[in-house]
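Here's the structure, in structure tokens; my notes come after.
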Amino acid sequence: MNNVFKTTLLLTVMTLLFMAVGRALGGQNGMLLALCFAAVMNFISYFFSDKIALATYRAQAVSREDLPRVYNIVERLAQKVGLPTPKVYVIPTDSPNAFATGRNPQHASVAVTQGILNLLNDEELEGVIAHELGHVRNRDILISSIAATLAGAITWLASVAKWGMIFGGMRGEREERGGGGVAAIIMIFLAPLAAILIQLAVSRSREYGADDTGAHWTGNPYALASALAKIDAYSRRAPLVASPSTAHLFIIQPFLGGFSFGNLFSTHPPTAKRIERLTGRPAEFFQPNS
């Protein structure tokens with residue numbers, strides 16, 4: 001299934017989900033209002049999802065003069081594989097992580113945290129950036145950015161509806177629709193769950209693909225494996241707190257602020273499995289670079 005079809009399918013499913021929520025909460029008028037809202041969100045998601053994701057984590061644009069170490073790696077890799085050089089951003093946190101976003105290679109951005117710059121050596125950092133550029137080349141960034149924006153929006157919509165019902169704002173409408181109130185309550189709790197599950201459906205396998213692409217481009221899978229091991233270990237001590245709607249963007253799953261239902265909501269394959277695929281041996285026998 002190519003990524004253009006996946007993107008279209010994701011937007012369609014999310015639109016139908018919005019309409020179902022609107023129908024449950026406001027009948028026919030609610031469904032029409034939700035359709036209009038979905039159309040606006042689809043537009044925003046396509047053209048501005050990258051900016052939303054970067055703003056969410058207070059990412060700051062940097063120039064070559066500000067960060068020559070990263071720019072040298074980004075430009076070298078982009079030139080090697082024939083990609084436009086993406087913009088570079090730094091996230092002001094000590095937790096090590098990184099992500100790529102944008103609607104296509106011509107509008108791509110790579111964001112790295114200050115923590116990852118302090119933690120990794122140049123070879124490991126090159127492996128991480130190659131992984132993120134792998135997402136750009138594989139056209140994963142549009143899908144992941146749209147999923148983040150729409151999943152966040154549907155969760156927000158359900159949250160607003162929940163509080164509206166709690167404070168009695170929808171009491172009259174529930175009485176008019178009879179059993180509609182039950183459907184509304186069900187949708188309020190199921191809509192965020194469905195949104196997140198749709199988001200996860202396009203997430204986990206992409207990480208393996210980006211790992212393979214990045215390792216191939218650098219010719220050094222051990223450097224990426226070492227980077228993953230270090231980031232995973234350090235992130236447990238200094239976690240980056242993220243919302244479930246954007247967790248899938250990062251190279252290592254960030255901390256979800258207590259929102260956890262085990263592997264069901266894991267946006268990434270286990271780091272040990274990724275290391276094993278890269279090195280060809282069990283992760284417990286792999287030692288990251290010092």
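Treating r as the C-beta distance of GLU123 and ASP94 and R0 as 22 Å, the FRET efficiency rounds to 0.55. With contacts taken as Cα pairs under 8 Å at a separation of at least 6 residues, the stretch 40-126 carries a relative contact order of 27 percent. Computed from backbone phi, the HN-Hα couplings of the stretch 214-219 come to x, 5, 5, 5, 7, x Hz, rounded to whole numbers (Karplus: 6.51 cos²θ - 1.76 cosθ + 1.60, θ = phi - 60°; Gly and Pro given as x). Each of ARG277 and GLN114 was given a label point 7 Å from its Cα along the Cα-to-Cβ line. The distance between the two points is 3.3 nm. Here the peptides 77-88, 57-68, 94-105 are ranked by packing, the mean other Cβ count within 10 Å, and the order with the highest first is 94-105, 77-88, 57-68. Between LYS51 and THR8, the modelled labels are 2.7 nm apart [label points 7 Å from Cα along Cα→Cβ]. Across the stretch 82-115, the residues whose backbone nitrogen lies under 11 Å from the label position 7 Å along the beta-carbon direction of ARG58 are 91-94.
The stretch between VAL241 and ASP66 holds 60.4 nm of extra length on full extension. This uses 0.36 nm per residue minus the Cα-Cα distance. Here each label is just a point 7 Å from Cα along the line to Cβ, and for PHE285 and ILE44 those points are 5.1 nm apart.
Read the figures in this text as sums done on the coordinates, not as results from a lab. None of the values given here were measured: they were computed from a predicted structure. Neighbour counts run over all protein chains shown; Cβ positions are idealised from the backbone, glycine included.
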